[in-house]
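A short worksheet on the structure shown next.
The values are calculated or read from the model by the stated rules, or taken from the named source; none is laboratory data. Please read all numbers here as calculations on a predicted model, not as lab measurements. Heads up, the Cβs are rebuilt from the backbone with ideal geometry, glycines too, and the neighbour counts pull from every protein chain shown. With ligands, DNA and RNA removed, areas are computed over all heavy atoms of the protein, side chains included. Shrake-Rupley method; radii C 1.70, N 1.55, O 1.52, S 1.80 Å.
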Amino acid sequence: MNHKKLTTTTLTTLTTLLWLFSASLIPLPVSASPSNANELLALKKIETYITNTTHLIDEAEAMQTNAERYKFRYYALRQDLTDIAKSVRRFINQNKKSQVPRNITPLVKEY
């Protein structure tokens, strides 16, 4: 029962992160560049938090049993979180003089 709660809590947290930061994959206009050092610090904390969720994903995946009919797709979750973290990092490190368009990969969102 305890591991189910941990898995549910972990998945809820990770799903919330995906939902909150999926907008970070949308290109922002140049005028939306952060100029506030506090905002950049907060974004760096968010990026670090997303990156550090790997151990939670590994923990939840280890609890998955083979008997389950529908299995959670942890690799898709890892891929989405990696893409979101990269997008936040890119926004933090962007060169304001160079706004080169980039290809946007949609999130999997099928877990």
Open item on the list: Could you compute the net charge surrounding Pro106? Neighbours are other residues with a C-beta less than 12 Å from the C-beta of Pro106; K and R count +1, D and E count -1.
Closed with: -2
Open item on the list: Using a 1.4 angstrom probe on the protein heavy atoms only, could you order Lys45, Lys86 from most to least accessible area?
Closed with: Lys45, Lys86
Task: Inter-probe distance in nm under a simple model that places probes 7 Å from Cα toward Cβ, at Tyr70 and Thr82 - done: 2.6
Open item on the list: For a protection proxy built on the mean count of beta-carbon atoms within 10 angstrom, sort 46-53, 78-85, 57-64 highest first, please.
Closed with: 78-85, 46-53, 57-64
Open item on the list: What does the net charge come to around Tyr74 if you take all other residues with beta carbon closer than 13 Å to its beta carbon, with K and R at +1 and D and E at -1?
Closed with: -3
Task: Charge tally in the Cβ shell below 10 Å around Arg89, where Lys, Arg are +1 and Asp, Glu are -1, Arg89 excluded - done: +2
